[in-house]
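Here is the structure we will look at, set down as structure tokens.
Derivation of every value follows stated rules applied to the coordinates shown; laboratory data play no part. On a predicted model such as this, the values are computed, not experimentally measured, just so you know. A quick note on method: Cβ atoms are made from the backbone with ideal geometry, for glycine too, and the neighbour counts reach across all protein chains shown.
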Amino acid sequence: PTYEDVCTGRTGCVEVVKLEYDPAQVSTRELLEVFFVVHDPTTPNRQGNDVGTQYRSGIYYTTEAQRATAQAMIDELTAQDAFGAPIVTEVRPLQHYWRAEDYHQDFFERHPDQGYCLAVAAPKVDKFRRTFAALARR
């Protein structure tokens, strides 16, 4: 599906970021800590002003270890009532993944003055840099 198809909310697809990483450099848990700090896992079918099933909170794993780590972290955060609301993040195996069109790749880096980047992405990047300075330097 194209980006425009996904934006309709009728494809069943979710807008996601696919992370490829070296576990010797950064752990799954560390990446999930970032996810839960810069992302609201309590709003079903919504992230900020973006509304629809394509914006649901999800972690899509490729290994059983990733699934177990994600579920354990959700269980810990739930027990701590870390967000003051239930975590609605789905944890499912990655079944289908389509790379976004080229104009979406490195979008924030290439369009820092675009409205969405200024209003939504930049504050999340700033929060990441403040909260996870050690990871940012790796």
Handout entry: Relative contact order, percent, the chain [alpha-carbon distance under 8 Å, six or more residues apart]
Key = 25 percent
Practice task
State the label only: which of (1) 23, 20, 12; (2) 23, 19, 17; (3) 36, 16, 12 corresponds to semi-axes √(5λ) of the Cα gyration tensor in Å computed from the shown model?
Solution key: (2)
Problem - Order by protection proxy (mean Cβ within 10 Å, highest first), peptides 40-46, 99-105 - result: 40-46, 99-105
Problem - Centre separation in Å (Cα based) which lies between the range 68-138 and the range 14-57 - result: 4 Å
Fill in the blank from the handout: Here the gain from full extension of HIS96 to GLU15, 0.36 nm per residue of separation minus their alpha-carbon distance, amounts to 28.0 nm
Completion exercise
Once amide hydrogens are built 1.01 Å from N within the peptide plane, the residues lying 5 or more places from VAL91 or on another chain with amide H under 5 Å from its amide H are ILE59
